[in-house]
Every structure is written in structure tokens, then in C-alpha cells.
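Single-structure report; data block below.
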Amino acid sequence: MSDENAGALAGKKGLVVGIANESSIAYACARDFAAQGAALAVTYLNDKAEPHVRPLAEGLGADIIVPCDVREPGQLEAVYEAIEQRWGRLDFLLHAIAFAPREDLHGRVVDASREGFLTAMDVSCHSFIRMARLAEPLMSEGGCLMTVSFYGAEKVVANYNLMGPVKAALESTVKYLAAELGPRGIRVHALSPGPLKTRAASGIARFDELMEQAAERAPRHQLADISDVGATAAFLVGDRARSLTGNVTYVDCGYHIVG
Ligand code: NAD
């Protein structure tokens with residue numbers, strides 16, 4: 001991060017959901033938010049994830065570190081209760097989570113099971129709606145909601161399979177939430193990074209080929225990294241981006257214009 005941005009998020013309180021390890025997109029975003037002065041609430045998936053996430057969150061000076069599996073009834077609500085008690089308000093949140101059962105993710109969309117489809121939609125899309133609903137009363141002075149999509153929402157990307165329709169729903173959700181919450185001063189964004197080597201990405205078949213192809217074809221002939229995504233996220237949640245909402249912001253060295 002360049003010094004010119006230091007303090008750009010001073011006084012802001014942000015919730016980050018989606019850190020699994022230091023390769024996570026959410027971690028790079030949280031690092032940039034913290035470097036620019038934001039106070040953070042960070043969640044971890046479960047007991048198994050906690051030893052990996054807690055040291056990272058503590059390293060960023062997070063005020064709140066709590067569990068959150070969006071499939072567990074009451075856990076998301078408990079996160080917001082902790083935020084209300086500690087801060088009494090929220091300025092921004094990052095939703096950087098996705099999941100699809102392996103069998104459905106590796107098969108054709110035509111063959112997707114009802115259960116697999118609903119699980120993928122629940123964890124990867126409806127959880128963003130729930131997070132927005134819980135955030136709304138805490139954002140009485142406005143705020144910013146951000147999620148993470150992929151180009152496979154828009155065009156057919158080999159092996160992205162079921163996550164394509166799920167991310168398409170997520171991007172449409174961003175637009176509807178932006179329209180509904182805009183009058184309250186709440187902005188809504190999707191980041192759309194190019195392929196990045198993370199734990200979630202390792203679930204997608206032949207992901208290395210996708211990375212190679214994206215690097216080769218992107219106008220800049222390289223891939224963005226998670227720090228690039230973090231820098232963009234920090235800009236979008238800040239006041240300098242006050243007139244931006246409802247966008248899908250690509251952080252992919254231009255791959256989407258040729259992909
Ligand atoms: P990651 O594995 O580091 O993060 C995924 C996170 O989802 C993990 O922290 C995991 O705990 C969380 N998660 C899964 N199920 C959950 C549940 N039930 N409740 C709460 N959290 C749950 O991988 P990542 O690549 O950083 O993924 C973050 C987001 O970025 C995802 O939405 C992914 O689809 C998106 N994305 C990734 C890429 C890429 O190439 N890696 C590209 C574009 C978009």
C-alpha cells in the first residue's frame with residue numbers, strides 16, 4: 001500500500017467474512033483495510049479454521065474475532081450482535097465466501113443436483129443478502145457492502161460449471177441491493193478478480209490451465225494478485241468512491257475484455 005492512502009479508512013468499522021489463510025482474497029482485503037486505518041471484525045469458519053485465521057486477525061489488530069458458518073443457524077446473527085455491542089454501528093463489510101459440493105462443481109450444470117445447487121446458492125449468494133439485511137440497521141449513516149464474483153458469471157468458462165449461474169445470481173443481487181439500499185446511503189459492489197491460487201480455487205478442475213490462459217490472453221499479459229484485489233476493495237469502501245455503486249469491478253489485468 002502506498003503512504004498516500006494511509007488513514008483513508010480511519011474511524012471506519014468493517015466486517016470481513018472469508019479468511020481461511022494468508023492466500024485468501026479476504027485476507028489481502030483485510031490487510032489493506034487495516035493498513036488504511038479501519039477497525040475490523042473477522043470471522044473464521046469453525047474450530048478447525050480458527051488456529052489458521054485467529055493469528056492473521058490478531059496480526060491486523062481485529063477488535064472482534066468470532067466464528068461464522070453461514071449454514072449454522074444463528075451464527076451470522078451472533079456476529080452482528082458482537083458488532084452492535086462493541087461498535088454500535090458498521091461502515092462496510094466484505095463477503096468473500098463461496099461453496100459448492102465437489103460432485104456438483106465437477107459435473108455439468110445440466111446434471112447439478114437440486115441439493116447441490118441450493119447449497120451453493122445458499123452459501124455463496126443468499127448469505128450476502130442475509131448479511132446485507134443484518135447490516136442495514138447498523139449503517140444508519142450509510143455504508144458499503146462488497147462481495148466477490150468471477151467472470152464465469154457472465155461468460156461460459158470451462159470447468160467453472162455450477163459456480164457460473166451462482167455468481168450470475170450474486171451479481172444480479174448486487175444490482176438489486178444497490179437499488180434498494182442506495183436511498184439509505186448504502187453502496188453495494190462486486191469485485192471480480194481474475195484467477196488466483198487460493199484454497200477455494202483448488203476445488204475447480206484444471207485451474208492451473210485457467211490461470212495460464214488468463215495470463216496469456218489478458219491485455220497486460222499477467223495475472224492480478226490478491227494485493228491488487230485488496231487495494232481495489234479498500235478504495236471502493238472508502239469515501240473517495242462515494243459515487244460508485246452497483247458495479248462489478250474487474251481486477252484481472254483486463255482479461256474480461258478478451259476472455
Ligand atoms: P478461500 O478458500 O481463501 O476463501 C473461501 C472462504 O469461504 C473460506 O474462508 C471459507 O471458510 C469460506 N466459506 C466456505 N463455506 C462457508 C460457510 N458455510 N460459511 C462461512 N464461510 C464459508 O478462497 P478465495 O479464492 O479467497 O475465495 C473468496 C471468494 O472469492 C469466493 O467467493 C470465490 O468464489 C471468489 N473468487 C475467487 C477467485 C479465485 O480465483 N480464487 C476468483 C474470483 C472470485
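As for the stretch 43-56, it holds at least one residue that is closer than 22 Å to Met139 by Cα, touching a helix residue (DSSP H, G or I) at 6+ places or on another chain (Cβ under 7 Å) and buried (at least 23 other Cβ atoms within 10 Å of the Cβ). The number of residues in the stretch 139-152 that are in contact with a Gly (Cβ under 8 Å, 6 or more places away or on another chain) and touching a residue at least 40 places away in the same chain (Cβ under 8 Å) comes to 6.
Condition (residue is of a type outside the set (D, E, K, R), closer than 14 Å to Leu145 by Cα and in contact with a Ser or Thr (Cβ under 6 Å, 6 or more places away or on another chain)) applied to the stretch 234-246: is it met by at least one residue? No.
Within the stretch 164-179, identify whether any single residue is away from the ligand (no atom under 16 Å from the Cβ), outside any helix (DSSP H, G or I) and either open to solvent by less than 50 Å² (accessible area, probe 1.4 Å) or without any contact (Cβ under 8 Å) to a residue 24 or more places away in the chain (or both), and answer yes or no. Taking every residue of the stretch 164-179 in turn, none turns out to be away from the ligand (no atom under 16 Å from the Cβ), outside any helix (DSSP H, G or I) and either open to solvent by less than 50 Å² (accessible area, probe 1.4 Å) or without any contact (Cβ under 8 Å) to a residue 24 or more places away in the chain (or both). Reported count of residues in the stretch 181-204, each being assigned to a helix (DSSP H, G or I) and farther than 30 Å from Asp239 by Cβ, is 4. Residue count for the stretch 197-240 satisfying the condition of being touching a residue at least 24 places away in the same chain (Cβ under 8 Å), under 29 Å from Leu90 (Cβ atoms) and open to solvent by less than 20 Å² (accessible area, probe 1.4 Å): 8.
Taking residues in the stretch 12-34 that are at positive phi and open to solvent by 10 Å² or more (accessible area, probe 1.4 Å), and partners anywhere that are within 10 Å of the ligand (Cβ to nearest atom) and of a type in the set (A, V, I, L, M), the pairs with Cβ atoms closer than 8 Å and at least 6 places apart or on different chains are Gly18/Ile25; Gly18/Ala26; Gly18/Leu94; Gly18/Ala96; Gly18/Ile97; Gly18/Val148. Considered as a group, the residues in the stretch 108-124 that are within 17 Å of His95 (Cβ to Cβ) and open to solvent by 10 Å² or more (accessible area, probe 1.4 Å) include one that is nearest to the chain's Cα centre (by Cα), and that residue is Val123.
Out of curiosity, is Leu105 open to solvent by less than 10 Å² (accessible area, probe 1.4 Å), touching a helix residue (DSSP H, G or I) at 6+ places or on another chain (Cβ under 7 Å) and touching a residue at least 60 places away in the same chain (Cβ under 8 Å)? Here the answer is no, as Leu105 does not meet what is asked. Only residues that are more than 13 Å from the ligand (Cβ to nearest atom) and either modelled with pLDDT under 95 or among the charged types (D, E, K, R) (or both) were counted in the stretch 55-95, giving 8.
The values are calculated or read from the model by the stated rules, or taken from the named source; none is laboratory data. The shown structure was predicted, so the numbers you read here are calculated from the model rather than taken from an experiment. Virtual Cβ from ideal backbone geometry, glycine too; neighbours counted across all protein chains shown. Each accessible area value is taken on the protein alone, full model and side chains, heavy atoms only, with ligands, DNA and RNA left out. Shrake-Rupley method; radii C 1.70, N 1.55, O 1.52, S 1.80 Å.
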